[in-house]
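Report on one structure; see the data block that follows.
The values are calculated or read from the model by the stated rules, or taken from the named source; none is laboratory data. The model shown is predicted, which means the values in this text are computed figures rather than measured ones. Every residue, glycine as well, gets a Cβ built from its backbone with ideal geometry; the counts of neighbours run over all protein chains shown. Ligands, DNA and RNA are stripped out before the accessible areas are found, and what is left, the full protein with its side chains, is counted by its heavy atoms. Shrake-Rupley method; radii C 1.70, N 1.55, O 1.52, S 1.80 Å.
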Amino acid sequence: MPASAGPSDGGNDAMQLNRTHLPDLDARVAVPSYDPATLTPGIVHIGVGGFHRAHQAVYLDRLLNQGQAHDWAIIGLGLLPGDAAMRNALAPQDHLYTVTEKHPDGTLTPRVVGAMIDYLFAPDDPGAALALLVDPAVRIVSLTITEGGYHVDQASGELVVDAALAADLEPDATPATAFGYLVEALARRHTCGTPPFTVMSCDNIQGNGSLARRMITAYARLRDPGLADWIEAEVAFPNSMVDRITPVTTDAHRTALRDRFGLDDNWPVVCEPFLQWVLEDHFPSGRPAWSHAGVQLVDEVLPYELMKLRLLNASHQALAYLGHLAGYTYAHEAAQDPLFADFLLGYMEREATPTLEPVPGVDLDAYRHTLIERFANPEVRDTLARLAEFTSDRIPTFLLPVVHHALAHGGEFRRAALVVAAWARYAEGVDEQGRPIDVVDLRRDEVMTRAARNRDEPVAFLADLSLFGDLAEQPAFTAVYTEALASLHTIGARATLEHWV
């Protein structure tokens, strides 16, 4: 479609996204001012998904459009069987993809991002993946491997050596896990005298860099204590706080891009306009000039991390379970309901905020209200089902620290207890109308088995020490939790919210 043309009338004349077609795209689609073919890699990213492509890669794209960071391009690395789909989607379009910001008024602002110049699917050629990680040009390896990818026991904080990690620890094993690849690559760098890369976690975990350091070093120690000592001393693991709501890409998003802008993208990304990245400035091997792209480089990330995890992420958990049980499908539907908005604001102000230290440069009252506005954006259409996935990794990280703080300091936790009870009710696998709920969790069977006992043994769900610690032995909490669970069973989520606080 010529740059001067209007929207496509049905997508039949839509152009496939690739480097050749960039000059001819609809003028409303922003395209790179740089030539992606001239970039050289400096970053390998493990776990390429929608969030990484809407967040870290966007910041790098901003720098590239300023004429900077041309030796910091990203090469994606997929390790899981499902990652082959990303390889298949990106390769035909020269690893370009579209990020479309969806504004509350319905405005769409698409941009083609060229910051990723290649993508390797490690199972195709593990040797090539390791060679990439050992290449001295690669100075940062970044991660979005989800909370579960760090193999940590939530209660003890110790490394969990599951079957996959155990297999990677076998002598002369070909790596399969992120930890296996990282440690093998670092071992080879150590042996040949190549400086280590920085490991940059971008997952929604408190102290994500510190956790990555502890778990990766613990894994390395099982393989070679000397190597573990070197990693602990020489490898940087900066902490970060990342924030942008990025729903799962659907065929409707592809169709909208095709019909409105005449562009065929195999795997576009949609997201909200809001974007934030707070990053600890600890990169011994160098980094892009991220501050020029809007990244907040700080000495201490923790205040920003806790703000986001305990306000945004924990509130998402409240929306997910209570909203689904009340009959909503999308986050914006629940957030636009004054009953839910008041509940979330009450939780954030009276329960979560008292657990936070001052956050430099942030007005927390304005931030809380901004979160409600972001959740209520009808164009993002983030599903509650997505927010409810992998809760065993999320509730212990996002919400339970608020509960433990309140118990220790005499604070409020009534709303947080209701959210935990709503998870237990949701995990029963059937909604208030008797329809099945697809519980998506790495510990699905364990969680649903405990939830099946909710009515006869109201505290059974809390009995897993690895998730809840000693909460089942805390009468102050169990009294409120069992009251909440009984109310959800008796009168349902909406009626419970109406009288709960």
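Inspection of region 48-61 finds no residue satisfying the criterion of being open to solvent by less than 20 Å² (accessible area, probe 1.4 Å), farther than 17 Å from TYR97 by Cα and more than 18 Å from the chain's Cα centre (by Cα). Scoring GLU428 on the criteria (1) modelled with pLDDT of 95 or more; (2) open to solvent by less than 10 Å² (accessible area, probe 1.4 Å); (3) more than 19 Å from GLY469 (Cβ to Cβ) leaves a single failure, condition (2). Please tell me if ARG260 is assigned to a helix (DSSP H, G or I), touching a helix residue (DSSP H, G or I) at 6+ places or on another chain (Cβ under 8 Å), of a type outside the set (Val, Ile, Thr) and open to solvent by 50 Å² or more (accessible area, probe 1.4 Å). Here the answer is no, as ARG260 does not meet what is asked. All told, GLY434 falls short of being part of a loop (DSSP other than H, G, I, E, B), out of contact with any strand residue (DSSP E or B) (no Cβ under 6 Å at 6 or more places or on another chain) and closer than 27 Å to PRO354 by Cβ. Scan region 477-496 for residues that are open to solvent by 10 Å² or more (accessible area, probe 1.4 Å) and in a helix (DSSP H, G or I) and the total you get is 11. Note on region 20-40: residues that are open to solvent by 20 Å² or more (accessible area, probe 1.4 Å) and out of contact with any helix residue (DSSP H, G or I) (no Cβ under 8 Å at 6 or more places or on another chain) amount to 11.
Screening region 331-369 for residues that are open to solvent by 50 Å² or more (accessible area, probe 1.4 Å) and closer than 19 Å to ALA388 by Cα and picking the one that is farthest from the chain's Cα centre (by Cα) gives GLN336. Assess whether LEU467 counts as being open to solvent by less than 30 Å² (accessible area, probe 1.4 Å), modelled with pLDDT of 95 or more and outside any loop (DSSP other than H, G, I, E, B). For LEU467, the condition - open to solvent by less than 30 Å² (accessible area, probe 1.4 Å), modelled with pLDDT of 95 or more and outside any loop (DSSP other than H, G, I, E, B) - is not met. Per the listing ARG455, ARG450, the residue uniquely among the basic types (Lys, Arg) and within 28 Å of the chain's Cα centre (by Cα) is ARG450. Of the helices (runs of 4 or more DSSP H) lying entirely inside region 140-248, those containing at least 3 residues that are open to solvent by less than 20 Å² (accessible area, probe 1.4 Å), over 30 Å from GLY294 (Cα atoms) and of a type in the set (Gly, Ala, Ser) are 178-192.
Looking only at residues of region 130-155 that are closer than 30 Å to THR391 by Cβ and among the hydrophobic types (A, V, I, L, M, F, W, C), we find that the one that is nearest to the chain's Cα centre (by Cα) is ILE145. Within region 315-326, not a single residue is surrounded by fewer than 20 Cβ atoms within 10 Å (Cβ to Cβ) and in contact with a helix residue (DSSP H, G or I) (Cβ under 9 Å, 6 or more places away or on another chain).
Determine, yes or no, whether ALA417 is more than 20 Å from the chain's Cα centre (by Cα) and free of Cβ contacts under 8 Å to residues at least 60 places away in the same chain. Against the criterion (more than 20 Å from the chain's Cα centre (by Cα) and free of Cβ contacts under 8 Å to residues at least 60 places away in the same chain), ALA417 does not qualify. Selection over region 375-395 of residues that are open to solvent by 20 Å² or more (accessible area, probe 1.4 Å) and not in a loop (DSSP other than H, G, I, E, B) gives a count of 5. GLU379 falls short on exactly one of the conditions (1) over 28 Å from ALA463 (Cβ atoms); (2) at pLDDT 95 or above, and that condition is (2).
Select from region 443-455 the residues that are touching a helix residue (DSSP H, G or I) at 6+ places or on another chain (Cβ under 7 Å) and surrounded by 15 or more Cβ atoms within 10 Å (Cβ to Cβ) and write down the one among them that is nearest to HIS489 (Cα to Cα). Filtering first and then ranking leaves ASN454. Does GLY127 satisfy the condition of being over 21 Å from the mean Cα position of the chain (by Cα), part of a loop (DSSP other than H, G, I, E, B) and over 17 Å from GLY47 (Cβ atoms)? For GLY127, the condition - over 21 Å from the mean Cα position of the chain (by Cα), part of a loop (DSSP other than H, G, I, E, B) and over 17 Å from GLY47 (Cβ atoms) - is not met. Listed conditions (1) without any contact (Cβ under 8 Å) to a residue 60 or more places away in the chain; (2) touching a strand residue (DSSP E or B) at 6+ places or on another chain (Cβ under 8 Å); (3) buried (at least 17 other Cβ atoms within 10 Å of the Cβ) are all met by LEU130, apart from (2).
Check off (1) open to solvent by 10 Å² or more (accessible area, probe 1.4 Å); (2) over 30 Å from LEU309 (Cβ atoms); (3) out of contact with any Leu (no Cβ under 7 Å at 6 or more places or on another chain); (4) touching a residue at least 24 places away in the same chain (Cβ under 8 Å) for LEU90 and give me the number that stays unchecked. Here LEU90 meets the rest and fails (1).
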